[in-house]
1. So what are the ³J(HN,Hα) numbers for the range A:117-126, from phi and the Karplus equation (6.51, -1.76, 1.60; θ = phi - 60°), rounded to whole Hz, Gly and Pro as x?
2. Put a dot 7 Å past each Cα toward the Cβ at residue B:215 and residue B:31; how far apart are the dots in nm?
3. Under the definition of partner shielding as Cβ atoms of other protein chains within 10 Å of a residue Cβ, what is the mean value for peptide B:318-324?
4. Please give the average number of partner chain Cβ atoms lying within 10 Å of the Cβ of each residue in A:76-85, rounded to a whole number.
5. If the reach is capped at under 20 angstrom between alpha carbons, list the aspartates and glutamates near residue B:249, excluding any in the same chain fewer than eight residues apart.
6. With loop defined by DSSP as not H, G, I, E or B, and exposure as at most 12 other Cβ atoms within 10 Å, which is the longest segment of chain A clear of exposed trypsin sites (Lys or Arg not before Pro)?
7. Got a sec? Which residues in the range A:60-89 would a label at residue A:176 touch, if it sits 7 Å along Cα→Cβ and we count backbone N under 12 Å?
8. Within 10 Å, count the other beta carbons around each residue, average over each peptide in B:242-248, B:113-119, and list them highest first.
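Computed from the coordinates by the stated procedures, all read-outs in this text should not be read as laboratory data. This structure is a prediction, so every number in the text was calculated from the model and none was measured. Note that each Cβ is placed from the backbone with ideal geometry, even for glycine, and that neighbours are counted across all protein chains shown.
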2 protein chains.
Amino acid sequence: MERKIKILGTGKYLPTRRVTAAELEEKLGLAAGWVEKKSGVSVRHFVTNETAAQMGAIAARRALEAAGLSLHEIDCIVCASGTAQQEIPCTAALIQEELQLSKSGIPCFDINATCLSFVTALDVMSCQMAVGIYERVLIISSEISSAGLNWEQKESCVLFGDGAAAVVIGRTPETESSRILGSSMKTYSEGAHYSEIRGGGTLIHPRQFAQGREADFAFDMDGRKIFRLTSQLITGFVDRLLSSASVTKEQIRTVIPHQASGMAMRIMAGKLGFSDQQMVNILADHGNVIAASIPMALHEAIGQNRVQRGDHLMLLGTSAGLSLGGIVLEY
Amino acid sequence: MERKIKILGTGKYLPTRRVTAAELEEKLGLAAGWVEKKSGVSVRHFVTNETAAQMGAIAARRALEAAGLSLHEIDCIVCASGTAQQEIPCTAALIQEELQLSKSGIPCFDINATCLSFVTALDVMSCQMAVGIYERVLIISSEISSAGLNWEQKESCVLFGDGAAAVVIGRTPETESSRILGSSMKTYSEGAHYSEIRGGGTLIHPRQFAQGREADFAFDMDGRKIFRLTSQLITGFVDRLLSSASVTKEQIRTVIPHQASGMAMRIMAGKLGFSDQQMVNILADHGNVIAASIPMALHEAIGQNRVQRGDHLMLLGTSAGLSLGGIVLEY
């Protein structure tokens, strides 16, 4: 199931406001050092006035610049975020508006698999391109996690940050070898309630916020249960993904993991047998930026020359659902 | 861009509670006959205790039964709805849980293009199947519009209903000719704010509901502006879609339109030159069920023998965004 798709450019945007571990320790009445030790995050960014569409549009412009493309060379815009800007319409349309493409007709829709939204969107859109529907697609993950944090749940609220990342993909020229080699996603809804925001949709409408249901509108996570279920599944999942892509673990030059938490990433690397050299870790100065974590880590790895054309990469993550997802590609 | 994909089965679920035009006229203090005249809707259904995942799971079981398939023969579940059950996780995972597939690993994610979510999901997933990623995919649209209606905006609140529809698609056997012949989507965000729910996402968080922002959490629609923009675009859009599919208007046996409103459907048919015989209209006893409208109308048309194998169909709709979308297929 190879698809001759090439990552043409990447971009990111971080909100101007930096929030340090020390600031959160003061806010939450925690001992100095607690936040970094528990989360692995020294600094994250929170929006002040930035909207998801604005952040997404800036990241998109930067990705296009890196690709040497103009806005009008894009023929589809997909927003791949775990959070939405509004209930209606989809965030991709709001990003199109920010990009001043409002009369362009460029199709816009959202794909949501929480933290795996980018991986799912890349998988899905590569197939649309392989079939010949689109030539160049912009995938944008823009997340404002700070809006929905539960400040009573200290272990989760210190993990997250806001920000956006964008990736432009196009068909690989005949003479080049960039391609997706394999992909996989698995969902185990036995873990559907291990991490959730119960409110905000049609089950618990925002009008119930004022009726004593505040906690239902904040992120609720049971890290231990997620860890236990993920641990059972991740090794087999990665082995099958590699085998479907006909690539060995040693041939993977770089792993771009979801930046879930310091502990999750250490344990994942250990269980899977990936070295620190292989694993890209941007957690300390970004936090967990939900679906933007993977494209942002990819952007950083490219910027640091840790990813070269011809390299085999693995994008790998877990998400609420509970889902595991990954893509093996030649960059 | 043909894809040899076959619609194997469809199913629907309507909530038990029927809400008549007369009931709404009494609730809203309107003259007898106003609701039907303005909206074209005599009866719609509103949920009482049903959740989106429950409705979606029932529709899914019915679609599988119609297809003669068991749950475990499905290898992907996509929820294609304009409304979500919860902020996190995606509704598809919650439907998987309702289907008691919680240990199955069947991948689950959501695709959102508001009222066009089903059309977009069918387009996208047919490409994943054409590339060989999946064999049989379940696409479910489950909508609870009644949670977000604006009862001050009489022209919009009388249009909508709740309900779910599901479609199972599979690869077409060698000896058969079912296939997607063409598809198109166009988004013009100049109309992004013509129909919206501004609240509920990261822009206006549910906590602001209690701070005098109630109206931001209800559906806000400017029907006249939507109508004006859509009217400018629809004829050219459909002509190009037909031409890309190499099918003439006369060869389209049945049009399955989004059930936006009585007036919208009449004007669309008139402008496009489709006859009443060609257009499927289930508005009067379903209302506008957001993204579920198109698969529900398809289900009804199949049940009424208005759609036969070998027929050319056109799925066609508009959505918040503002988007136009359509698929031409041989059933």
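1. 4, 5, 4, 5, 5, 5, 4, 5, 6, 5
2. 2.6 nm
3. Whole-number average of other-chain Cβ neighbours for B:318-324 is 5.
4. 3
5. In chain and number order, the partners are B:2, B:239, B:276, B:311, B:330.
6. For trypsin sites (Lys or Arg not before Pro) (loop position, at most 12 other Cβ atoms within 10 Å), the longest site-free span of chain A is A:104-308.
7. Within reach of a label on residue A:176: A:67-69.
8. So the order, starting with the most tightly packed, is B:113-119, B:242-248.
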